[in-house]
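The values are calculated or read from the model by the stated rules, or taken from the named source; none is laboratory data. As the structure is a computational prediction, the values presented were derived from the model and not from experiment. Neighbour counts run over all protein chains shown; Cβ positions are idealised from the backbone, glycine included. Surface accessibility is based on the protein's heavy atoms, side chains included, excluding ligands, DNA and RNA. Shrake-Rupley method; radii C 1.70, N 1.55, O 1.52, S 1.80 Å.
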Amino acid sequence: MFEALKSRLTTPRRASRSRNDVLAECSDLARLDRLRRHARDRDTRQRADARYRALLVGGDASLRLEDRVAAVQVCTDDAVLAYVARSAREEIVRRAALDRLDSDRVLMEVALNDPIARLRRRAVAMMNDPELLQNVLHRGHPDDPRIARDAGRRLRELQV
């Protein structure tokens with residue numbers, strides 16, 4: 001009995017951390033990506049997905065900007081790319097996501113709502129859906145009349 005007590009007192013106790021704590025602190029994008037896609041437990045997949053997205057959009061300073069851009073450039077999940085294109089803090093990260101998007105609906109949202117004019121105009125130039133371009137043409141951007149003009153120009157290009 002004395003030996004068991006002695007070993008418990010002399011061996012360092014491992015901090016009992018829950019899986020949620022580990023996921024909340026994880027900064028390994030590749031690991032989080034695997035977990036969010038392949039974990040057996042639904043809760044783990046959801047938490048890994050939330051952490052993955054938060055890291056990509058810049059919600060945590062633990063990753064360098066270059067690492068986030070590189071991760072976006074290899075991302076194949078359209079939902080994540082759409083989220084990053086709408087929500088990332090830095091223009092370069094939103095642009096990397098925008099360049100990989102196939103959704104005209106998300107491009108329209110960026111064209112109408114992004115704070116950076118370059119990205120709004122780029123989104124319009126990438127759009128191919130005449131109906132959504134018509135929507136951008138009519139709604140425009142309150143601070144940037146070029147968006148509506150660009151949408152009209154893009155519509156004419158598609159009609160030729």
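Give me the dipole magnitude in Debye, nearest 20, for the chain about the Cα centre, with unit charges on the beta carbon: positive for Lys and Arg, negative for Asp and Glu.
On the way: 34 positive and 26 negative charges, 107 e Å.
Roughly 520 debye for the chain.
Pull out a ≥ b ≥ c, the square roots of the eigenvalues of the alpha-carbon gyration tensor of region 99-160, then state rounded if a/c is under 1.5, prolate if not and a/b is larger than b/c, and oblate in the remaining case.
Details: a/c = 1.63, a/b = 1.13, b/c = 1.45.
Oblate, because a/c is 1.5 or more while a/b does not exceed b/c.
Might you tell me the accessible area per residue for region 5-143, computed with a 1.4 Å probe and given in Å²?
Values: 8540 Å² over 139 residues.
The answer is 61 Å² per residue.
So, in Å, what gap is there between the alpha-carbon centers of region 91-160 and region 55-81?
22
Given a 10 angstrom Cα cut-off, can you work out which residue in Val124, Val22, Val84 is the most mobile in a GNM of the chain?
Between Val124, Val22, Val84, it is Val22 that shows the largest mean-square fluctuation.
Note the listed values (i) 1.09; (ii) 0.94; (iii) 1.24, then indicate which one is Rg/Rh (Cα atoms, Kirkwood Rh) calculated from this particular structure.
(iii)
Taking all protein chains in place and a 1.4 Å probe, what share, in percent, of the accessible surface of region 96-160 do carbon and sulfur account for? Show your work: numbers first, answer last.
Values: 1680 of 3640 Å².
Summing carbon and sulfur atoms, their accessible area is 46 percent of the total for region 96-160.
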